[in-house]
Amino acid sequence: MSASLITRRALATVVASVAVVGAAALPAAAAAGGNDHDRGHSTGKHSTVMIGKVQYDSPGRDDRSNRSLNGEWVEVKNTGKKPVNLRGYTLADRQGHTYRFHNLTLAGHSSVKVHTGKGNNTAHDVYQNRTDYVWDKRDAATLRNDHKRILDSQSWGKKGR
């Protein structure tokens with residue numbers, strides 16, 4: 001038997017082995033990809049940042065005072081262990097009033113309230129600096145990440161009533 005024939009047979013054996021291993025791995029990879037697609041997540045990861053409680057009707061009289069304006073707020077929560085920088089995230093209502101987060105890092109298992117009126121931003125309270133109410137009795141809050149992907153949406157009241 002010549003060296004060339006031995007080399008070709010060895011190469012054919014290696015190619016066949018690789019094909020068998022590849023064919024066995026392909027269904028497992030397809031199944032994993034199918035699960036991600038079924039969940040609607042391209043990365044297979046869930047966001048830990050979401051909308052928490054909403055105070056859409058400030059307590060007391062709606063007199064447009066700063067105190068009354070700050071009585072309405074939307075809570076944004078980080079339910080994960082790791083901190084998340086909210087830079088570029090947005091929170092908007094149905095009418096398009098949008099608050100854009102700046103360089104705010106939300107610690108793990110913590111939250112921040114986004115108030116309508118004016119105030120000094122802290123780790124737990126930020127302010128939209130508005131002079132009119134945002135969150136109506138029939139409205140929705142939509143939270144998007146810095147890539148404009150919807151992370152969470154919450155609505156209340158009956159639309160059109």
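The values are calculated or read from the model by the stated rules, or taken from the named source; none is laboratory data. This is a predicted model, so every value here is computed, not measured. Heads up, the Cβs are rebuilt from the backbone with ideal geometry, glycines too, and the neighbour counts pull from every protein chain shown. Protein only, heavy atoms only, side chains kept; ligands, DNA and RNA dropped before computing areas. Shrake-Rupley method; radii C 1.70, N 1.55, O 1.52, S 1.80 Å.
Here are the numbers for the structure shown:
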{"read-out": "Pair list, Cβ < 7 Å and 6+ apart or interchain, from the stretch 65-82 residues that are more than 17 Å from Ser153 (Cβ to Cβ) and part of a loop (DSSP other than H, G, I, E, B) to residues that are charged (D, E, K, R) and at pLDDT below 95", "value": "Glu72/Asp57"}
{"read-out": "Residue list for the stretch 112-141, restricted to those being open to solvent by 30 Å² or more (accessible area, probe 1.4 Å), in contact with an Asp or Glu (Cβ under 8 Å, 6 or more places away or on another chain) and either farther than 18 Å from Ser65 by Cβ or among the charged types (D, E, K, R) (or both)", "value": "Lys113, Asp136, Lys137"}
{"read-out": "Close pairs from the stretch 143-157: first at positive phi, partner open to solvent by 40 Å² or more (accessible area, probe 1.4 Å) and part of a loop (DSSP other than H, G, I, E, B), Cβ under 6 Å, at least 6 apart", "value": "Gly157/Lys137; Gly157/Arg138"}
